[in-house]
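This report concerns only the one structure given below.
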4 protein chains.
Amino acid sequence: MTMINVTVWNEFRHERHSSAVRSVYPEGIHQAIAAYLASHPDMLLKAVTLSDPEQGLGEKVLNDTDVLLWWGHTAHDEVDDELVERVCSRVLAGMGLIVLHSAHFSKVFRKLMGTTCSLRWREEGERSRLWTVNPSHPICRGVPEQIVIENDEMYGEFFDIPAPDELVFVSWYQGGEVFRSGCTWQRGKGRIFYFAPGHETYPIYHTPEILKIIENAVRWARPESIGDVPDCIKQPPFEKI
Amino acid sequence: MTMINVTVWNEFRHERHSSAVRSVYPEGIHQAIAAYLASHPDMLLKAVTLSDPEQGLGEKVLNDTDVLLWWGHTAHDEVDDELVERVCSRVLAGMGLIVLHSAHFSKVFRKLMGTTCSLRWREEGERSRLWTVNPSHPICRGVPEQIVIENDEMYGEFFDIPAPDELVFVSWYQGGEVFRSGCTWQRGKGRIFYFAPGHETYPIYHTPEILKIIENAVRWARPESIGDVPDCIKQPPFEKI
Amino acid sequence: MTMINVTVWNEFRHERHSSAVRSVYPEGIHQAIAAYLASHPDMLLKAVTLSDPEQGLGEKVLNDTDVLLWWGHTAHDEVDDELVERVCSRVLAGMGLIVLHSAHFSKVFRKLMGTTCSLRWREEGERSRLWTVNPSHPICRGVPEQIVIENDEMYGEFFDIPAPDELVFVSWYQGGEVFRSGCTWQRGKGRIFYFAPGHETYPIYHTPEILKIIENAVRWARPESIGDVPDCIKQPPFEKI
Amino acid sequence: MTMINVTVWNEFRHERHSSAVRSVYPEGIHQAIAAYLASHPDMLLKAVTLSDPEQGLGEKVLNDTDVLLWWGHTAHDEVDDELVERVCSRVLAGMGLIVLHSAHFSKVFRKLMGTTCSLRWREEGERSRLWTVNPSHPICRGVPEQIVIENDEMYGEFFDIPAPDELVFVSWYQGGEVFRSGCTWQRGKGRIFYFAPGHETYPIYHTPEILKIIENAVRWARPESIGDVPDCIKQPPFEKI
């Protein structure tokens, strides 16, 4: 079995400042996701936070990570630019990246996309329906064609992202919006999956189908190997000029 | 007739420091391209350089630009980060951007792509052949299916870019390489075209077919309008929740 | 001004067999759309039907068509295979094709896509919302970011199409579904736009915003020129072997 | 280990009619490829030909196939339309399909693409160079960035295919052409890989790197499961209308 080294990064602020959030994720969103993933024999988990030394992603941790999950919301600006640079470089070198929910506005995602990644939003706890539009994609393995989330934050179009390489999920919201809620891109040698569900006040990361999608995405994003970031190379000719 | 405000930006260093380059582009690459484009009644041209006040792209100039062409090579690092930010924002708001030759490594292009944009290269003056792989694309209008460039710098794969939205040209090099030499992307509301031909020591920007492609690309990249960069919007529901 | 020769093809059955449909489209869907388009000085219109000689698309009509619109529902199987072949060949040679609503299941569209083009559907007259996910696309020119259709047939995912080259619209339905309702593809040299709105019993083709999208799509799909369908070519070498 | 049922289909004409071809592939191209693949413990191989009962692909064989490889050249027209229909349906239901070399002009590939699939060609035994433009794609696993084929048939642009979902390889030819020689598409639930190398008179299918690519492509194209071809479904509403 090929083992996957997975690191779940969370800013871990809502959980400490709000008892409502804490009641849903007592150990933090990162621990909820990590506990689920760690129950699979092919995954080795670390869960780290913005408050950890080196903001949780020192050289050693990052260099041991095959797939990184990122959750942030209120503290995007506190992430060091130098760390952002290192995370993005490692993605370009092959590390998989799963960007969750409000991390659409993280420095890491915006830098890799090159766009604002802005969107519409509304926090009313409305019902959403996550539809797959690519049912044979590996991320959809064992996932029903529709997942109902009874209480969700609305994320709506226009979502200012580059056209995804693959569109996997589109969400319907009770209030009238749609959203490209599961999208993949490749940047350099790294695979990126943005996945919209996952608000801090709803138990979305306790939903088996949502966790299954994240599990699938980790396996899909796993690199064969991680080398160096490519640089320009002066090349002698192969044929006579 | 809809007029297009076109600005050609050039770092303008090779032309001043090398008599060989100056003999090919006495007024600079920017003036050669601008003179050609200005001969078309639907285009209003400005030609600016890194040495101009505000590095050639003050607020007024940039805000009057519908399509920006960018040529740089030795002075990428001298371009102010603040200017890079403003140029990228204007692209996201709708401005077209034509990235020429060695500007694959410009700060502006790398920021919009999110990748290293590295490649292989060789400067031996070899023959190249530019093939269209998308003959009905507007950028190919009136352009032959193959353009031979007798003396060219080689740019070869692997070119570390996001998968293009559209692949328009692929180049063949005498020494044995291939290159995705004409690629389009959309970022935000702006259209981007990367076009590989155009070394400073060869008269490539005096070649009618190459100039025709650049002319077509300007018309293709022209925005209908340029508004504001999108930001997140809180949205009341349209339907009862 | 470049004139566009537009032909609207309609099977024209519902309108003759159902007074309910006739009350919405007394002259037929084709005439409603053609009348709107003909009000634009750059468009020359023909409206033809399955019951016309040569099923409305004899050699002369087809060879004079730059952009073809296709509406069918109950009589897909009656369209001659030979006509399907000729229409597809002309698309590959450059003719634009706008495929409307239930024509997702037409022989022409299925042949060009290579997939079943099946979908979910429900005819309950529910409300739908057409959202643009690509606001700077030429097909969205002058079109609001959301169009509400008070009474619509539901078309839902999974829609079995090749991944669109460009996704332009996504629809929301009151009953809980989403749908990729505006999609583009290129096949050969021809541009294809599938557009979902347009049921026969609702006045959708009398809605200004819907007609505006169709008008934009016609201009977007117009070919520069229409030549021959490409065939294999034996090519002598350009370089010494 | 998940086993993959692989069937290699070959028209098997050149090998019987030409001693030159027979000296390269004494048992036929299908047996050469099948022997290589069968040496991998996760693959179960069948090798069939046009001359076999039911043209090699009766219901039982096809229904036991996870991934089908297709090689044809002189006898495309002899393949029954009914068989073409069954093969395409099984691809839409999930079967992987590897289309080799001159099978670009097979009925199966053309039907799935919807285009002519025409190209330029020349049979002079010239050198080609297969470059990867997507080095982290699973099909490139363990494959060098460049493969030199000393004697190859030239296939050149314009290749009349739908824009590939992923472009994996681009070939350089000594005579001056380029070609999109490794392309992927999804159609329905099935994955398709077109791979250009493989002429009958050159020992290309004895080249380890070429065989490695085919082996990788088989694993990449393997479906999780194969169900029914999707059909239209009438769907009751999930939400109150």
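For the stretch B:129-151, a tally of residues being within 14 Å of chain C (Cβ to nearest Cβ) and more than 17 Å from residue B:183 (Cα to Cα) returns 5. If I filter the stretch C:190-211 for residues that are at pLDDT below 95 and under 11 Å from the mean Cα position of the chain (by Cα), do I get at least one hit? The answer is yes; a qualifying residue exists.
Against the list (1) in contact with a Pro (Cβ under 7 Å, 6 or more places away or on another chain); (2) assigned to a strand (DSSP E or B), the condition residue A:210 fails is (2).
Considering only the stretch B:219-239, I want to know if a residue exists there that is open to solvent by less than 10 Å² (accessible area, probe 1.4 Å), modelled with pLDDT of 95 or more, farther than 30 Å from residue D:144 by Cβ and in a helix (DSSP H, G or I). For the stretch B:219-239, residues open to solvent by less than 10 Å² (accessible area, probe 1.4 Å), modelled with pLDDT of 95 or more, farther than 30 Å from residue D:144 by Cβ and in a helix (DSSP H, G or I): present. Would you be able to say whether some residue in the stretch C:51-58 is buried (at least 23 other Cβ atoms within 10 Å of the Cβ) and in a helix (DSSP H, G or I)? So far as the stretch C:51-58 goes, yes, one or more of its residues are buried (at least 23 other Cβ atoms within 10 Å of the Cβ) and in a helix (DSSP H, G or I). For the stretch C:1-20, does any single residue satisfy the condition of being surrounded by fewer than 21 Cβ atoms within 10 Å (Cβ to Cβ), touching an Asp or Glu at 6+ places or on another chain (Cβ under 8 Å) and closer than 18 Å to residue C:196 by Cα? For the stretch C:1-20, residues surrounded by fewer than 21 Cβ atoms within 10 Å (Cβ to Cβ), touching an Asp or Glu at 6+ places or on another chain (Cβ under 8 Å) and closer than 18 Å to residue C:196 by Cα: absent. Taking first residues from the stretch B:102-115 that are within 10 Å of chain A (Cβ to nearest Cβ) and partners that are open to solvent by less than 10 Å² (accessible area, probe 1.4 Å) and at pLDDT below 95, no Cβ contact under 7 Å between residues at least 6 apart in sequence or on separate chains turns up. In the set (1) within 25 Å of residue D:184 (Cα to Cα); (2) open to solvent by 10 Å² or more (accessible area, probe 1.4 Å), residue D:62 fails one condition alone, (2). Within the stretch B:28-41, track down each residue that is open to solvent by 20 Å² or more (accessible area, probe 1.4 Å) and under 23 Å from residue B:223 (Cα atoms). Matches in the stretch B:28-41: B:35, B:36, B:38, B:39, B:40, B:41. Looking across the stretch B:171-188, the residues that are within 26 Å of residue C:185 (Cα to Cα) and touching a residue at least 40 places away in the same chain (Cβ under 8 Å) come down to B:171, B:179, B:181, B:182, B:184, B:185, B:187, B:188.
Scanning the stretch B:92-111 for residues that are among the aliphatic types (A, V, I, L, M) and over 16 Å from residue B:162 (Cβ atoms) yields B:93, B:95, B:98, B:100, B:103. At least 1 residues being open to solvent by 10 Å² or more (accessible area, probe 1.4 Å) is the threshold, and among the strands (runs of 3 or more DSSP E) wholly inside the stretch A:72-182 those reaching it are A:120-132, A:146-156, A:166-173.
The values are calculated or read from the model by the stated rules, or taken from the named source; none is laboratory data. Just so it is clear, the structure is predicted and the values come from calculations on it, not from any experiment. Glycine also receives a Cβ, built like all others from the backbone with ideal geometry; neighbour counts cover every protein chain displayed. The protein model used for the area step is the full one, side chains on, heavy atoms only, and it has no ligands, DNA or RNA in it. Shrake-Rupley method; radii C 1.70, N 1.55, O 1.52, S 1.80 Å.
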